[in-house]
Amino acid sequence: MTRRVVCYINQFFAGMGGEEQAHVPPSARPEAVGPAMQIQSLLGEEAVVVGTVICGDSYYGEHLEEARAECVRLIGEFKPDLLVAGPAFNAGRYGVACGDICSAVTGTLRIPSITGMYKENPGVELYSPKTFIVKTSDSARGMKDALGAISALAVKILKGTPLGAAEDEGYFPRGIRKNFFHETNGAKRAVDMLLRKLAGEPFSTEYEMPVFRRIPPAEPVKDLKNATIALVSSGGIVPRGNPDHIRVSSAESYGVYDISRLDDLTPENFESIHGGYDRVWANEDPDRVLPLDIMREMEREGVFGKLYDHVFTTTGTGTAVAHAERFGQEIGERLKKDGVDAVILTST
Amino acid sequence: MRLELHKVSVRNVSWGDETKVEKGTLFVNREEMLSVAMKDNRFARAELEFARPGESVRIIPVKDVIEPRCKLSGPGEVFPGFVGGMQTVGEGATLVLDGAAVVTCGPIVAFQEGLIDMSGPAADYSPFSQTNNVVLVVEPVEGLDQHSYEAALREAGFRLGWYLADKGRGSKADEVKVYEMGGPVEESARYPHLPKIAYLCMSITQGLLHDTFLYGADMKHLVPTLIHPNEKMDGAMVSGNCVSACDKNTTWHHLNDPIVEELYSRHGKDLVFLGVIPTLEDTRLAGKERTSWFNANLARMLGADGVVVSEEGYGNPDTDLCMNAAKCEKLGIRTVVISDEAAGTDGKSQGLADAAPEITAFVSAGNVNEMIELPAMDRILGYDSSISNLSGGAGESLRKDGSMFVELQAIIGSTNELGFSRIGARWI
């Protein structure tokens, strides 16, 4: 089956003119125009370029919503299997337009899209998580190589050939980690890397250190005697039987449990389902991880005002940071809405 | 120190009247081996099964894997502190049943045991899909506390590993591999111009099912120390450890440590291998500080230019990993770390629970959260319903037809952080 490809280019590559024509609104032609003709010949019999959509760079930038909607409509009418935009090299406005239309088409028409840019094009940072952006040189002098790389990736995607890592396929990473098998085992790669590092030779780390967002702590509690305090835990303490089926590790959810009628956690009412530590003593007395008993005692003594009626709990082991961030934001919002002044977080 | 590994190749396993290896087949006298397993009154029942490469067999939940080894000559016996007495090992000759393994299995102790598939897609990820496995499936006596159950099963594995090798003494080795190296002072003097490399073997030491033992000593009570790499090959370091299956160092991994193998093979050519620093992963901050300072200081006193740091587990130990690398680098000792990542099932999350800018050389052992489809197997050894309580599994993982959809971390050894396999996570 011959696959259908639509190309997106700007007014310049469509031969309509330079900056003086950058205001032209979107239009469509039922054929390959400009670089699309070369793409057609590179795709060979694998796919046919059924149309080209053209838009002025200024028009796209200045009428983002309308331009995007109109281009998606025009592209959709060709019923394509794949969109190729650009390549935009180091042209900023063109790069943003290419990235934006690719991301919109992939998002709404649910078809893959490919564009090409130079590493410093602002479109790379904005759109690399949402589309395939093939690495190109900084100007149209690199057109031949760029179209070759784009077409090669297009053929692989259209044929459903499993793709290698971004580095091997020549596109900017989309922010996704995927497992592959290397040529050599990890131990050998490690010793090789260390010897290169010691010799002052270049080496490539396999994972750049993530940068953690630092959240400034809230102001100290001014009036503890009247403060409402909540208990939140990543120690996996849940009502017996784990009613919400929170996973023992790699949790993707947390539980909210009413403790307003409880003074003490016991093996009869609560348990630890955490997969990352020795739970023997936590199960003997779940207060050891989620100290409800002491909190009730201090509440009665008037050390603080009130213990919040619910506890929030999850298992913090192997939990993806993205999930943990979401839990924190959701729990924080709810506590704030309910007028909680402070939180005791227990972990294990 | 010189150690010869006499490797008897095992390509098949079969029941027999006498336990022995003949023409590549390990014959097992079932009754005799069972009686060795049952030399512990903490077991109510025990059964032995075989699982061979390529068979439609799933073993679950697996606690440890042990390569059969015993001493032919030299001081001590393998698995000192458990099978052998309290004497340092690593010299003389050791018999290895290469290609055979003892796999220990029983009702779930906690949440972090794993599975081995002998065929299908999971077989690409575990070294134990390629070994001829003698599987011990036990049931503990009623009311046995979890700590004792773990200890009983751990010790049974070592006992059976030694038993099988001991019965293979009569077999001629297919290969004799010699590992010979002096101590750090001697070897550094011999190769003064080569970079001096120490190996920091981080081990989980966090409590029940999260312990590692060195000469029988529970490592969570130790400070880091130094051993000769040969000692590892004789079972000085063993697993008592069922952290997430993907990145636990089984006893088999300690015996066949790929970092030791790699550094040894390049010793005197590209580098000087100074030795192994078995180190712990404490749960407390003070413990993490103490351990990481000890590690860096030990490496400095050894004269190390560089250190290979391997992690065991993920999450909490990521902090130990960062501290170890940062403190070594501060002392001018260059580091490379081997770690896996918990990047989420979609691969889009950051993969470590902690970070240090000093970690500039990172070898990825894969994303533990990546999902894998496992078809049903004809035969289940153990209890496949336990997948719902295993790390990497969930209540809905096991389908009615016996197939499973799980995270890679449920598979033993899939993202081993000694860098045993070729897997690694990369950007797409």
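Where the only charges are on Cβ atoms (+1 Lys, Arg; -1 Asp, Glu), what is the dipole of the range A:277-348 about its Cα centre, to the nearest 20 debye?
Working: 9 positive and 14 negative charges, 51 e Å.
Dipole magnitude for the range A:277-348 comes out near 240 debye.
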What value in Å³ per residue do you get for the convex hull of the alpha-carbon atoms in the range B:270-428?
151
At a 10 Å Cβ-Cβ cut-off, how would you order A:L158, B:L72, fewest neighbours first?
B:L72, A:L158
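Could you give the Stokes-Einstein D for chain A in µm² per second, using the C-alpha Kirkwood radius, 25 °C, 0.890 mPa s? Don't skip to the answer; put the middle values down first.
On the way: Rh = 24.6 Å.
Using the Kirkwood radius from Cα pairs, D works out to 100 µm²/s.
If you keep only loop residues by DSSP, which trypsin sites (Lys or Arg not before Pro) in the range A:239-348 have at most 10 other Cβ atoms within 10 Å of their Cβ? Write down the numbers at each step before the final one.
Working: sites: A:R240, A:R247, A:R261, A:R279, A:R288, A:R296, A:R300, A:K306, A:R326, A:R334, A:K336, A:K337; in loops: A:R240, A:R247, A:R261, A:R279.
For trypsin sites (Lys or Arg not before Pro) across the range A:239-348 that sit outside H, G, I, E and B with at most 10 neighbouring Cβ atoms in 10 Å, the list reads A:R261.
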Find which of A:G99, A:L158, A:A22 sits farthest along the positive direction of the dipole of the range A:3-169, computed with +1 on the beta-carbon of Lys and Arg, -1 on that of Asp and Glu, about the Cα centre.
A:L158
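Based on the Cβ-Cβ distance of A:E299 and B:L331, what FRET efficiency does E = 1/(1 + (r/R0)^6) give at R0 = 56 Å, to the nearest 0.05? Intermediate values should be presented prior to the final figure.
On the way: r = 49 Å, r/R0 = 0.88.
Plugging the Cβ-Cβ distance into 1/(1 + (r/R0)^6) gives 0.70.
Taking Rh as the Kirkwood radius, which is the inverse of the mean 1/r over Cα pairs, what is the Rg/Rh value for the range A:3-169?
Working: Rg = 14.0 Å, Rh = 15.2 Å.
Computed over Cα atoms, the ratio is 0.92.
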How charged is the neighbourhood of A:R93? Take every other residue with its Cβ under 11 Å from the Cβ of A:R93, and add Lys/Arg as +1 and Asp/Glu as -1.
-4
Considering every residue in A:197-205, what mean count of other chain Cβ atoms within 10 Å of its Cβ is obtained?
4
Using the Karplus equation 6.51 cos²θ - 1.76 cosθ + 1.60 (θ = phi - 60°), what ³J(HN,Hα) coupling, rounded to whole Hz, does each residue of the range A:19-35 give in order, writing x for Gly and Pro?
4, 5, 10, 5, 8, 5, x, x, 8, 10, 10, x, 6, 7, 10, x, x
Taking neighbour Cβ counts within 10 Å as the exposure measure, how do B:E417, A:E271 sort from fewest upward?
A:E271, B:E417
In whole Hz, with x marking every Gly and Pro, tabulate ³J(HN,Hα) for the range B:351-357 from phi via Karplus 6.51 cos²θ - 1.76 cosθ + 1.60, θ = phi - 60°.
x, 10, 8, 8, 8, 9, x
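For the range B:191-324, what does the convex hull of the Cα positions come to per residue, in cubic angstrom? Could the numbers behind the result be given before it?
Numbers: hull volume 12.6 nm³, N = 134.
Dividing the Cα hull volume of the range B:191-324 by its residue count gives 94 Å³.
Which of A:Y94, A:Y254 comes first, and how do the rest follow, when ranked by fewest Cβ neighbours within 10 Å? Let's see the in-between values first.
Details: A:Y94 28, A:Y254 24.
With the fewest neighbours first, A:Y94, A:Y254 line up as A:Y254, A:Y94.
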Rg and Dmax in Å for the range A:224-346, alpha carbons only: what are they?
14.0, 39
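Wrap a convex hull around the Cα atoms of chain B, take a quarter of its surface area, and give that in square nanometres. Provide the component values of the computation, followed by the final result.
Values: hull surface 78.9 nm².
Average of the hull's projected areas for chain B equals 19.7 nm².
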Measuring from its Cα centre, the range B:2-410 shows a charge dipole (+1 at each Lys and Arg Cβ, -1 at each Asp and Glu Cβ) which, in debye to the nearest 20, is 840
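State, as an integer percentage, the relative contact order of the range A:3-169 based on alpha-carbon contacts under 8 Å between residues 6 or more apart. Working shown, then result.
Working: 348 pairs, mean separation 35.9, N = 167.
Computed value for the range A:3-169: 21 percent relative contact order.
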Name the residues whose placed amide hydrogens come within less than 5 Å of the amide hydrogen of A:D278, ignoring near sequence neighbours (fewer than 5 apart) on the same chain.
B:L208
May I ask you to list the trypsin sites (Lys or Arg not before Pro) in the range B:124-205 that are in a DSSP loop and have at most 10 other Cβ atoms within 10 Å of their Cβ?
B:K172
Run the Debye formula on the Cα coordinates of the range A:193-264, all scatterers equal and no solvent, and tell me log10 I(q)/I(0) at q = 0.13, 0.23 1/Å.
-0.74, -1.13
Tell me, what is a quarter of the convex hull surface for the C-alpha atoms of the range A:45-104, in nm² with one decimal?
4.2
Post the alpha-carbon centroid distance, the range A:103-151 to the range A:1-80, in whole angstrom.
14
In whole Hz, what ³J(HN,Hα) sequence does the range A:178-185 give by Karplus (6.51, -1.76, 1.60; θ = phi - 60°), x for Gly and Pro?
9, 7, 9, 9, 7, 6, 10, 6
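Let me know the charge dipole size of the range B:175-262 about its Cα centre in debye, to the nearest 20, where only the beta-carbon of Lys, Arg (+1) and Asp, Glu (-1) is charged.
Its charge dipole is roughly 200 debye.
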What are the principal axis extents of the Cα atoms in the range B:145-269, in Å, biggest first?
55, 40, 24
nm² value of the averaged projected area, convex hull over the Cα atoms of the protein assembly as shown
38.2
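If N is the number of residues in the range A:283-348, what value comes out of its Cα radius of gyration divided by 2.2 N^0.38 Å?
Working: Rg = 13.6 Å, N = 66, 2.2 N^0.38 = 10.8 Å.
With N residues counted in the range A:283-348, Rg over 2.2 N^0.38 Å equals 1.26.
Each value in this text was obtained by applying a stated rule to the coordinates, not by laboratory testing. None of the values given here were measured: they were computed from a predicted structure. Cβ coordinates were reconstructed from backbone atoms using ideal geometry, including for glycine residues, and neighbour counts include every protein chain displayed.
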